[in-house]
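Remarks on the structure that follows.
No lab work stands behind these numbers, since they all come straight from the coordinates. Since the model is a prediction, treat every value here as computed from it, not as a measurement. Please note: Cβ atoms are built from the backbone with ideal geometry, for glycine as well, and neighbour counts cover all protein chains shown.
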Amino acid sequence: VTQPQIGFFCSRCTRYNLYSISSPLPSDAGRCLECGHVDAPDPSEALLSGGPIERCPQCGNPQLYTRKDFPQQLGCAAVSATILLSSVGYALWDVPAAVAVLALASVLDFVLYHRLGEVTVCYRCHAELRGFAPNPGHGPFDMHRAEEYEQGS
Ligand SMILES: [Zn+2]
Ligand SMILES: [Zn+2]
């Protein structure tokens with residue numbers, strides 16, 4: 001894993017920005033590249049040394065969830081490539097080839113999935129924390145909890 005990184009959405013213009021965690025924190029951490037607004041981060045001591053993650057460095061919220069760090073576009077591309085290949089296989093070589101392509105694709109999916117890193121995401125401000133030791137207390141995404149954040153706070 002590379003250097004731990006925080007991705008956050010500017011509270012003024014909502015642009016997505018990134019900064020790396022190091023000790024001491026870089027002086028431009030939290031500055032928006034678009035509008036220059038600074039959302040001064042407040043990482044805990046543990047976070048500065050690589051984790052585990054206790055709370056969100058952007059808003060202080062202790063409730064976060066983990067998900068696979070999977071680029072959405074890559075997922076769509078993989079699915080359409082699989083469909084295309086299996087129809088070509090079907091047209092050229094009949095059913096067994098199409099099945100073989102699908103099987104191969106699922107193996108590739110599996111390998112890819114397990115090579116992906118985990119990202120921890122804040123329920124409140126949607127900041128993304130990459131490259132830190134995970135906190136076992138942070139589970140997968142919880143719809144009900146997310147809805148509570150949408151409605152209030
Ligand atoms: Zn901004
Ligand atoms: Zn947050």
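Would you pull out the residues with amide H under 5 Å of A133's amide H, same chain only if 5 or more places away, H placed 1.01 Å from N?
Residues meeting the amide H criterion: G51.
Just need the relative contact order of the chain here, percent rounded to a whole number, with Cα pairs under 8 Å and 6+ apart.
On the way: 228 pairs, mean separation 41.3, N = 153.
It rounds to 27 percent for the chain.
Counting Lys and Arg as +1 and Asp and Glu as -1, each charge on the Cβ, what is the dipole of the chain about the Cα centre in debye, to the nearest 20? Working shown, then result.
Numbers: 10 positive and 15 negative charges, 37 e Å.
Dipole magnitude for the chain comes out near 180 debye.
What 222 nm value per residue comes from the helices of the chain, counting each DSSP H run with n ≥ 4 as -39,500 (n - 2.57) and dividing by all residues, nearest 500 deg cm²/dmol?
Working: 4 runs with 56 residues, N = 153.
Rounded to the nearest 500, it is -12000 deg cm²/dmol.
Neighbour counts of other C-beta atoms within 10 Å: give me S106, S44 arranged from fewest to most. Working shown, then result.
Details: S106 11, S44 15.
So the ranking, lowest neighbour count to highest, is S106, S44.
Please list, in order, the residues from the stretch 104-128 whose amide nitrogen is less than 16 Å from a point placed 7 Å along the Cα→Cβ vector of A81.
104-116
What residues have an amide H closer than 5 Å to that of R15, excluding those fewer than 5 places away on the same chain, when H is modeled at 1.01 Å from N in the peptide plane?
C10
Report ³J(HN,Hα) in whole Hz for each residue of the stretch 4-14, in order, from the Karplus equation J = 6.51 cos²θ - 1.76 cosθ + 1.60 where θ = phi - 60°; Gly and Pro get x.
Along the stretch 4-14, the couplings run x, 9, 10, x, 9, 9, 4, 6, 9, 10, 6 Hz.
Sort the chain into rounded, prolate or oblate with this rule: let a ≥ b ≥ c be the square roots of the eigenvalues of the Cα gyration tensor; rounded if a/c is under 1.5, and if a/c is not under 1.5, prolate when a/b is larger than b/c, oblate otherwise. Can you show the working numbers first?
Values: a/c = 2.35, a/b = 2.34, b/c = 1.00.
Prolate, since a/c reaches 1.5 and a/b exceeds b/c.
Tell me, what HN-Hα J-couplings in whole Hz come from the Karplus equation 6.51 cos²θ - 1.76 cosθ + 1.60 at θ = phi - 60° for each residue of the stretch 96-101, using x for Gly and Pro?
x, 5, 4, 5, 4, 5
Looking at the chain, what % of its DSSP beta bridges pair antiparallel, to the nearest 5?
Values: 17 of 18 bridges.
So the antiparallel bridges in the chain amount to around 95 percent.
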